[in-house]
Every structure is written in C-alpha cells, then in structure tokens.
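The values are calculated or read from the model by the stated rules, or taken from the named source; none is laboratory data. All values reported here derive from a predicted model rather than from experimental measurement. Cβ coordinates were reconstructed from backbone atoms using ideal geometry, including for glycine residues, and neighbour counts include every protein chain displayed.
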Amino acid sequence: MVITMLKTFLATSLLLTTGLTTQASWVNDNGVTIYDSYDLPPSHQPLFNALKESGVPVVNGSDWEQCVPSEDTYLAGFYIPRFDVIVLCPNSPAPDLLGTLVHEAVHAVQDCRAGQDNSVLIHHATQDMINELPQSELDTINNLYPPEERLDEVEARYLDQYPDYVAIQLNTYCL
C-alpha cells in the first residue's frame, strides 16, 4: 500500500521535467524541487530531452534523508527503478553533478532494457569497459556493490562521460 501510494505520488507530482541547478527549477505542489532544462548546459540538452521523452524526472534531493552526507559516506545521486526517477544530491561533496546525472541516466537505460517497474537492471558492460576503468574505480565498485550489481555499475561509470551516447541509448531503449 505504501509503495503504491509513493509510486502514485512520484508519477503524478514529478511530471516530466528535469535539470541540474536551481536556477530554473521549480517546486511542485508536493514541495519537490524538479530540475528544468534551463538548469543544464547545452552539452547536456540532448540527455535532458531524452530523459524528458522517456518520462524520467530529475529531482533535487537536498532535503531527502539519503542525500545527507555522513562522516564516512555520501551519495551524489541515485536512480529509483520502481519509480523511474533520478535524484541528485547537490549538497554532496561529489565534484561532478553533471557526471552523476549521466551516470544515473545509464541506470535508467539499464532499467528500460529490463522492463521498467521492477528492481532489476540489465547491463551491457564489456570487458573493454572493465579494462578502461582505473583500478581505483574497480576497487570502489568491488568494495561498495554486491557481485550481482557490479557490472551495472561498471557500465554506468564507464559511460558517465558520454551524455550524448546515453541520450541515444535512452531513445533506443526507453521510448
């Protein structure tokens, strides 16, 4: 019941707009700050358009408990597959929220490949992606993620520098 209510809340209140800063974002009737296309630089507009067309809103999670950094850990953002929403944590010490947006958009693509509205992601990670990531990234993935999620994360970390490619993937798998 709670999950159904939350899903209904997100689906009806988050709409289809996305973005990254709070310059043009807006607050919906439920107090959720939704990023807008004006918040993104031109380099990320194709990604914004693909997210919008795919129905994946991007919200500001600065007031969300998951986004509050602790002494040892923090989240820069996350994708919620069951609700098709990306949450960015602008108060995170992470240096690159645009990279985080692209990274989480990869997870949206993985969700579309698996069939949305589930908790499974399907990756297309390859050995070349693994070989291209720095060992420190691979160590982080191995330390933070269970084995069944590691290739999802490899693909997302590899592709987070390619917003145009991720936009194409969203259009291919999510429309």
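If you check LEU75, LEU20 for being modelled with pLDDT under 90, part of a loop (DSSP other than H, G, I, E, B) and buried (at least 16 other Cβ atoms within 10 Å of the Cβ), only one passes: LEU20. Condition test on ARG113, is it charged (D, E, K, R), more than 13 Å from the chain's Cα centre (by Cα) and under 25 Å from LEU51 (Cβ atoms)? Criteria met by ARG113.
In the condition set (1) out of contact with any Leu (no Cβ under 9 Å at 6 or more places or on another chain); (2) touching a residue at least 60 places away in the same chain (Cβ under 8 Å); (3) more than 16 Å from ALA50 (Cα to Cα), TYR162 is compliant with all but (3).
Could you check, for the range 82-90, whether at least one of its residues is assigned to a helix (DSSP H, G or I) and in contact with a strand residue (DSSP E or B) (Cβ under 6 Å, 6 or more places away or on another chain)? Looking for residues that are assigned to a helix (DSSP H, G or I) and in contact with a strand residue (DSSP E or B) (Cβ under 6 Å, 6 or more places away or on another chain), one finds none in the range 82-90, hence no. Filter the range 25-65 down to residues that are in contact with a strand residue (DSSP E or B) (Cβ under 7 Å, 6 or more places away or on another chain), of a type in the set (S, T, N, Q) and over 13 Å from LEU101 (Cα atoms) and give me whichever is surrounded by the fewest Cβ atoms within 10 Å (Cβ to Cβ). In this case the residue turns out to be ASN28.
Yes/no matrix, rows are residues, columns are (1) part of a helix (DSSP H, G or I); (2) of a type in the set (Lys, Arg); (3) in contact with a helix residue (DSSP H, G or I) (Cβ under 7 Å, 6 or more places away or on another chain):
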position	(1), (2), (3)
GLN66	yes, no, no
TYR79	no, no, yes
VAL106	yes, no, yes
LEU121	no, no, yes
ASN131	yes, no, no
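Taken over the range 133-170, the criterion of being surrounded by fewer than 15 Cβ atoms within 10 Å (Cβ to Cβ) and among the polar types (S, T, N, Q) is satisfied by GLN135, SER136, THR140, ASN142, ASN143, GLN161. No other residue among ASN118, ASN142 is over 15 Å from the mean Cα position of the chain (by Cα) and in contact (Cβ under 8 Å) with a residue 24 or more places away in the chain apart from ASN118. Looking only at residues in the range 23-64 that are in a strand (DSSP E or B) and under 20 Å from HIS107 (Cβ atoms), the one that is nearest to the chain's Cα centre (by Cα) is VAL58.
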